[in-house]
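The values are calculated or read from the model by the stated rules, or taken from the named source; none is laboratory data. Just so you know, these numbers come straight off a predicted model, no measurement behind them. Positions of Cβ are generated from backbone atoms using ideal geometry, with glycine treated the same way; all protein chains shown enter the neighbour counts.
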Amino acid sequence: MSADLTEAPLISFTVFISAFIFLLKSADFFVDGAAGLADKLGLPRIFIGIVLMGFLTTSPEFAVSVQAAYLGHPEVALGNAVGSVVADDAFALALAAIIAGISIDKQVLKRFGVFLIFSALLSYLLALDASVTRVEGLVLASLLVGYYLYLIKTGAQQRKSHLNTEGYVEARKVTFRRVLLLFLTGAGGVIVSARLVVWSGLSIAEYFGIPEVVIGLTVIALGTSLPEISTAVVSARKGKGEIAVGNILGADVLNILWIIGVSALVNPIKVDPKTIEFAYPWMLLVVAVMLLLMRHRYELTRWKGLLLLSLYVVYLFQLAKFFY
């Protein structure tokens, strides 16, 4: 499919635009279904965002990075994962904040923000020698298992107290089957349409001769992050900012631990030291700025969203300057 699209850029652009429109509608169903599941199961929406939505929306990143590692394209595998963290924080969350201010749960930020910083620093230390071995990949993936066990335990403790809070009465009016159908339909649509966007976007980039590492850090990273981008925007528009925040935090951790870890297990990652020198410091900077902005008055306002978006623009300019 990729080769055909490369030979016909017009088809690539058509597929890209059509898939993106379908992606936004699928995200609409996805967000409603996720919020409904949280209420039906008596779980905080932030938990659904971090665990369930985070895992599903990073499926494109996982598929692309693991496949790239297996096929011997480590620059794409690592670049996609690290670039997706930058895109999620400085683009997806930025757009959500610009569309509608988001309130931040103090406990959630404290609990997951610290873990996110720890994961990013650990991943950077393991990749300093421009490689991630299978043993190091196992360390990252195992840390994720511990992270999820902690979330499950925390969610179970919060379940009883959440049953009588916001959304529960409203949720009883909708059947569980309908909520589940919305969630699964939205999730399937998001993943399939994101895949089409990635295929067409990659073909366009290849047609214009963009280097592999740049493709991984930008086109593929943005393409595979479209589920997070679209669900964050739709969540903010619907006044469910806690889902957007949970999804982004969960996706960041999954990109750093799960996607890089499993990719290294499939095929040890070895890249040009320049890739590590550029990608990881930028990822750490963006994550730190995002968390600091969340910490300030525990809200993401429009000006903070614009600041994050400006940071992403600077990142793109610096990337072009660094690799060309």
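Residue check: is Gly241 touching a strand residue (DSSP E or B) at 6+ places or on another chain (Cβ under 9 Å), closer than 28 Å to Phe29 by Cβ and surrounded by 24 or more Cβ atoms within 10 Å (Cβ to Cβ)? Yes: the conditions hold for Gly241. Each residue in the range 263-297 was checked for being among the charged types (D, E, K, R), over 18 Å from Val66 (Cα atoms) and either touching a residue at least 60 places away in the same chain (Cβ under 8 Å) or in a helix (DSSP H, G or I) (or both), and 4 of them qualify.
Only residues that are aliphatic (A, V, I, L, M) and either in contact with a strand residue (DSSP E or B) (Cβ under 7 Å, 6 or more places away or on another chain) or buried (at least 24 other Cβ atoms within 10 Å of the Cβ) (or both): list them for the range 254-284, please. First the steps, then the outcome.
Going through the range 254-284, the residues aliphatic (A, V, I, L, M) turn out to be 254, 256-257, 259-260, 262, 264-266, 269, 271, 276, 279, 283-284.
The answer is Leu254, Ile256, Leu257, Ile259, Ile260, Ala264, Ile269, Ala279, Met283.
Exactly one residue out of Val15, Val64 is modelled with pLDDT of 80 or more, crowded, with 24+ Cβ neighbours inside 10 Å and farther than 13 Å from Ile229 by Cα: that is Val64. Given the conditions (1) touching a helix residue (DSSP H, G or I) at 6+ places or on another chain (Cβ under 9 Å); (2) at pLDDT 95 or above, which single one is not true for Phe317? Checking Phe317 against (1) touching a helix residue (DSSP H, G or I) at 6+ places or on another chain (Cβ under 9 Å); (2) at pLDDT 95 or above, the one that fails is (1).
Here is the figure for the range 285-314: residues that are buried (at least 16 other Cβ atoms within 10 Å of the Cβ) and basic (Lys, Arg) total 1.
Would you mind stating whether Glu206 is under 20 Å from Lys110 (Cβ atoms), assigned to a helix (DSSP H, G or I), modelled with pLDDT under 90 and touching a helix residue (DSSP H, G or I) at 6+ places or on another chain (Cβ under 7 Å)?
Details: under 20 Å from Lys110 (Cβ atoms): no; assigned to a helix (DSSP H, G or I): yes; modelled with pLDDT under 90: yes; touching a helix residue (DSSP H, G or I) at 6+ places or on another chain (Cβ under 7 Å): yes.
Answer is no for this residue.
Selection within the range 216-238: residues that are at pLDDT 85 or above and of a type in the set (Val, Ile, Thr). The member of this set that is surrounded by the most Cβ atoms within 10 Å (Cβ to Cβ) is Ile220. The number of residues in the range 171-191 that are surrounded by fewer than 19 Cβ atoms within 10 Å (Cβ to Cβ) and at pLDDT 85 or above comes to 7. The residues of the range 116-170 that are farther than 22 Å from Val86 by Cβ, hydrophobic (A, V, I, L, M, F, W, C) and at pLDDT below 95, listed by number, are Val145, Leu149, Leu151, Ile152, Ala156, Leu163, Val169.
Of the residues examined, Ile259 is not one that is farther than 27 Å from Glu136 by Cα, part of a helix (DSSP H, G or I) and either of a type outside the set (Phe, Trp, Tyr) or free of Cβ contacts under 8 Å to residues at least 12 places away in the same chain (or both).
Which ones in the range 68-90 are surrounded by fewer than 24 Cβ atoms within 10 Å (Cβ to Cβ) and of a type outside the set (A, V, I, L, M)?
Here is the first cut: in the range 68-90, the residues surrounded by fewer than 24 Cβ atoms within 10 Å (Cβ to Cβ) are 70-73, 75.
Tyr70, Gly72, His73, Glu75, listed by residue number.
Cβ separations smaller than 6 Å between residues 6+ apart or across chains give the following pairs from the range 19-30 residues that are within 10 Å of Gly186 (Cβ to Cβ) and of a type in the set (Ser, Thr, Tyr) to residues that are modelled with pLDDT of 75 or more and surrounded by fewer than 24 Cβ atoms within 10 Å (Cβ to Cβ): Ser26/Gly189.
Does Val234 satisfy the condition of being without any contact (Cβ under 8 Å) to a residue 60 or more places away in the chain, among the hydrophobic types (A, V, I, L, M, F, W, C) and in a helix (DSSP H, G or I)?
No.
Of everything in the range 67-114 that's among the polar types (S, T, N, Q) and under 17 Å from Pro227 (Cα atoms), which residue is nearest to the chain's Cα centre (by Cα)? The extreme case among them is Ser84. Just wondering, is there one or more residues in the range 206-222 that are touching an Asp or Glu at 6+ places or on another chain (Cβ under 6 Å), among the polar types (S, T, N, Q) and touching a residue at least 24 places away in the same chain (Cβ under 8 Å)? Looking for residues that are touching an Asp or Glu at 6+ places or on another chain (Cβ under 6 Å), among the polar types (S, T, N, Q) and touching a residue at least 24 places away in the same chain (Cβ under 8 Å), one finds none in the range 206-222, hence no. Within the range 245-258, the set of residues being modelled with pLDDT of 95 or more and β-branched (Val, Ile, Thr) comprises just one member, Ile256.
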